[in-house]
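Below is one structure, written out as structure tokens; comments come after it.
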Amino acid sequence: MSAALTPAASPHVMNTYGRLPIAMSHGRGCRVWDVNGKEYLDALAGIAVNTLGHGHPKLVPALQEQVAKMMHCCNYYHVPDQERLAQMLVERSGLTNVFFCSTGLEANEAALKLARKFGHDKGIDRPEIVVFEKAFHGRSIATLSATGNPKIQVGFGPLVEGFIRVPVNDIQALQAATEGNPNVVAVFFEAIQGEGGVNPMTVGYMQDLRALCDARDWLMMIDEVQCGMGRTGKWFAHQWAGIQPDVMPLAKGLGSGVPIGAVVAGPKAAHIFQPGNHGTTFGGNPLAMRAGVETIRIMEEDGLLDNAAKVGLHLQTKLLTSLLGQPGVKEVRGQGLMIGIELTKPCGVITQRAADAGLLLSVTADSVIRLVPPLIMTMAEADEVAAILLPLIHAFLSE
């Protein structure tokens, strides 16, 4: 007689997520187990968060040591690992300085405040920021207003004013939308849109945006919350275009699971905030900073940028080989270990079907299967992802 299954339910937790009927227990590497002992291959990584997978043997002892030393210290005092992590990010980005917070939403909110103050410092009373269709920047009122998804905005109006929305990869549309407008202060975009369906900005478009921002004295603000921290095979996805932003929000993979956010600023934005302009209680705490420092150290020691590029290309090639030209498949796209498979019809059911088959992934923008596994994923594990997922897609498309 088999042991009784533990039900997955949270009756006292606010009902804000469409959860699968699964409760996770523990993980190791790219594998996780639920409370009933079922094993899954993790191709979601907590939505691009668990950079080093689960229970990494180099990360765990460092965090255990830090927990025993100090977890939280307020920003009335210097936190040594803030400076260590800031220096690491500055060196890898070519930018100037860093503000630390706890989430991607907070990092994006800080970026929006930077842009507004940049405008006010220039004498612009009502600064405006260019944002993009299908963008996702967070769920606070300001970041929700910058987001390009009407579905998640419904019921939360009035939204914050001051945003000009344009389509992606269309420089003429952006120029037309901003022509003769003296209030524009910044352009804010994801190098690869995550929640919007794994939509990359082209290299040429990002280069055109950089030139336009320079010509018009705008801040170029690149949201690297989901696509940054080595996911594409470079530290930050915009680096494939050979450009530098003025403002770069980070979060998700920076702490390998410990909540952390950051805003990295270049010379044009580095000194906009002065004492009293912005702050945070939990941001920059010793535990999160240690997680960030160790994540970057281990990524470099273990060659995870190269791994993300190689394994990602291998997986994407395998998916393309099987799916290209298939009726019902619109596109396979992405870079490194950030891959989207867009179908021609909504495919939300694949999330549950994949979990039933032992694979964790997500469906975003209704019809895009998203794969953002840990950057430690091996070629063999990538083959396993394909072996589980491809039959599910073919079966779904034949229905």
Rounded if a/c is under 1.5, else prolate if a/b is larger than b/c, else oblate: which is segment 44-84, with a ≥ b ≥ c the root eigenvalues of its Cα gyration tensor? prolate
Point-charge dipole on Cβ atoms (K/R +1, D/E -1) for segment 163-229, about Cα centre, debye to 20: 80 debye
Give the relative contact order (percent, whole number) for segment 173-240; include only Cα pairs under 8 Å separated by 6+ residues. 33 percent
Using only the alpha-carbon atoms, how far is helix 304-323 inclined from the longest principal axis of the chain? Give it as 0 to 90 degrees, nearest 10. 60 degrees
In segment 88-191, what trypsin sites (Lys or Arg not before Pro) fall in a loop by DSSP, with at most 12 other Cβ atoms inside 10 Å? K122
I need the calculated FRET efficiency for the pair A176 and F156, taking r as the beta carbon distance and R₀ as 41 Å, to the nearest 0.05. 0.90
Positive-pole candidate from V293, Q316, F273, dipole of segment 268-388, charges at beta carbon: F273
Row for segment 206-264, column shape: gyration tensor on C-alpha, a ≥ b ≥ c, rounded if a/c < 1.5 i.e. under 1.5, prolate if a/b over b/c, else oblate; value oblate
What percent do you get for the relative contact order of segment 277-399 when only Cα pairs under 8 Å and 6+ apart count? 24 percent
Step by step: find N for segment 1-80, compute 2.2 N^0.38 Å, then divide the Cα radius of gyration by it. What's the final number? 1.48
Roughly how tilted is helix 203-216, in degrees to the nearest 10 and between 0 and 90, from the longest Cα axis of the chain? 20 degrees
Charge tally for neighbours of G148 with beta carbon under 15 Å away, counting Lys, Arg as +1 and Asp, Glu as -1, is -2
Where Rh denotes the Kirkwood radius from the mean inverse Cα pair distance, what is Rg over Rh for the chain? 0.97
At 0.36 nm per residue, minus the direct Cα-Cα distance, what do T6 and L320 gain on full extension? Give it in nm, one decimal, please. 109.2 nm
Taking the Cα centre of the chain as origin and charging only Cβ (+1 Lys, Arg; -1 Asp, Glu), how large is the dipole, in debye to the nearest 20? 340 debye
Note on segment 47-141: contact order normalised by length, alpha-carbon pairs under 8 Å, 6 or more apart, percent, works out to 17 percent
Choice from R84, R333, R19 with maximal GNM fluctuation in the chain (Cα, 10 Å cutoff): R19
Can you give me the Cα centroid spacing of segment 369-399 and segment 24-86 in angstrom? 25 Å
Treat every Asp and Glu Cβ in segment 13-86 as -1 and every Lys and Arg Cβ as +1, leave all other atoms uncharged, and give the resulting dipole magnitude about the Cα centre to the nearest 20 debye. 120 debye
Please work out the C-alpha center-to-center distance from segment 325-341 to segment 90-163 and express it in whole Å. 29 Å
Cα axis of helix 104-121 to longest principal axis of the chain: angle in degrees, 0 to 90, nearest 10? 10 degrees
Report, to one decimal in Å, the Kirkwood hydrodynamic radius for segment 103-228 based on all distinct Cα pairs. 14.5 Å
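Read-outs: derived from the displayed coordinates by stated rules, not from any lab. Fair warning: this is a prediction, and the values are worked out from it, not measured in the lab. Note that we place each Cβ from the backbone using ideal geometry, even for glycine, and neighbour counts take in every protein chain shown.
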